[in-house]
Amino acid sequence: MIIEKKDGKIVTYYVDKDYDDKELTKILNKKLSRTKIHFIIDHDADVYTKDGKLLLRFRKNVLNKTNVDDFYKNIIGFALNKTSNRGSASGSNNKNVKDNPEIMTNIVGFFDKLSPKQKQLMRIQGKKINITARETRFNMDYPEKFKQMVPLIKEIDGYYKTNIPENYLKQYNKAKETHFRIPGTSFTTVTLNVNLQTTVHVDRGDDDDGFGNLVVIENGKYSGGETCYPQYGIGVDVRTRDILFMNVHEAHGNLPIVLEEPDAKRLSIVCYLRKSVWNQTRGKSKEFMIRHNRTIKNLRSSSR
């Protein structure tokens, strides 16, 4: 059921579930079929559940083109790196990550776990650390490129503050408690996916009080990829310069991506506060952060 109300150019929808939570479990961690979705939003819209809970807020064509272009050119080379350690996101349940399909998903900013290589170097070098939160490889290797990406991240943060003020304030106040964050924002972490159809899932690592901030940058022609809430039968077609604020604690995933040009790229950018990073580092001094990140970086330096 969808009830529509229009106020100016923003359309407000109230949606009900197509099926119960028991039925939802049948498609969790599986790739989404278009048959599960009967309504796609491609215009400014607010969507609430039947009981008045905000599900998503979508704004079209609002992001600064220069910020978008600078972000893309500085990150795309790194974003094309492939990994096989995101089993459920790729639709695989294999325990041996070597058997998983390789997908283009990467993280910048701060993360809450050491990489397998970092763990190995810690053992070899006999080093110990008190926390596993750390600066990501991209930030360590390409700090100047990351600086060129920050304007878009700050712009996303500004729209988050304006459009979802109550959740933003709770998240921002948490972010201020740690130096392990993207300066001047409510975010610790940015996840990047290229041409990736994620499975239906609920985000477990995000701040419980926060909203997901999703942006897409296109290069070349493709169709599909809409971000959807299958239990409600709705999706959103997020394109370049659009921004989607979404309740990531409800089950969501995106539809198949069909490349109409062989080199086409759909780069999705998700900005959030990773609660384990916050939990591990809240109250730590800036000096602690600098020393800790230097320790992690030196693991690599001494192995070269």
Those residues of the stretch 5-29 that are assigned to a loop (DSSP other than H, G, I, E, B), of a type in the set (D, E, K, R) and within 19 Å of residue 199 (Cβ to Cβ) come to a total of 2
Every pair of residues 6+ apart whose Cβ atoms lie under 6 Å, when the first sits in the stretch 250-261 and is over 16 Å from residue 17 (Cα atoms) and charged (D, E, K, R) while the second is at pLDDT 95 or above and in a loop (DSSP other than H, G, I, E, B):
260/221; 261/220; 261/221
In the stretch 53-69, which residue that is touching a helix residue (DSSP H, G or I) at 6+ places or on another chain (Cβ under 9 Å) and assigned to a strand (DSSP E or B) is farthest from residue 10 (Cα to Cα)?
54
List the helices (runs of 4 or more DSSP H) inside the stretch 110-221, counting only whole elements, that have at least 3 residues being under 29 Å from residue 288 (Cα atoms), out of contact with any Gly (no Cβ under 7 Å at 6 or more places or on another chain) and among the acidic types (Asp, Glu).
143-163
State whether the residues of the stretch 286-295 include one that is aromatic (Phe, Trp, Tyr), within 19 Å of the chain's Cα centre (by Cα), surrounded by fewer than 23 Cβ atoms within 10 Å (Cβ to Cβ) and over 27 Å from residue 68 (Cβ atoms).
no
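Which residues, taken from the stretch 30-53, are hydroxyl-bearing (Ser, Thr, Tyr), under 24 Å from residue 196 (Cβ atoms) and surrounded by 14 or more Cβ atoms within 10 Å (Cβ to Cβ)?
none
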Given the conditions (1) under 20 Å from residue 38 (Cα atoms); (2) part of a strand (DSSP E or B); (3) polar (S, T, N, Q), which single one is not true for residue 231?
(2)
Residue tally, condition buried (at least 16 other Cβ atoms within 10 Å of the Cβ), at pLDDT 90 or above and either among the charged types (D, E, K, R) or over 16 Å from the mean Cα position of the chain (by Cα) (or both), over the stretch 84-114
2
For the stretch 133-144, pairs from a residue that is on the phi < 0 side of the Ramachandran plot to a residue that is part of a helix (DSSP H, G or I), with Cβ under 6 Å and 6 or more apart or across chains, are 133/277; 133/280; 133/281; 134/296; 135/293; 138/78; 139/146; 140/297
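The values are calculated or read from the model by the stated rules, or taken from the named source; none is laboratory data. Everything numeric in this text was worked out from a predicted model, so none of it was measured. Quick reminder, even Gly has a Cβ in these numbers, built from the backbone with ideal geometry, and neighbours come from all protein chains shown.
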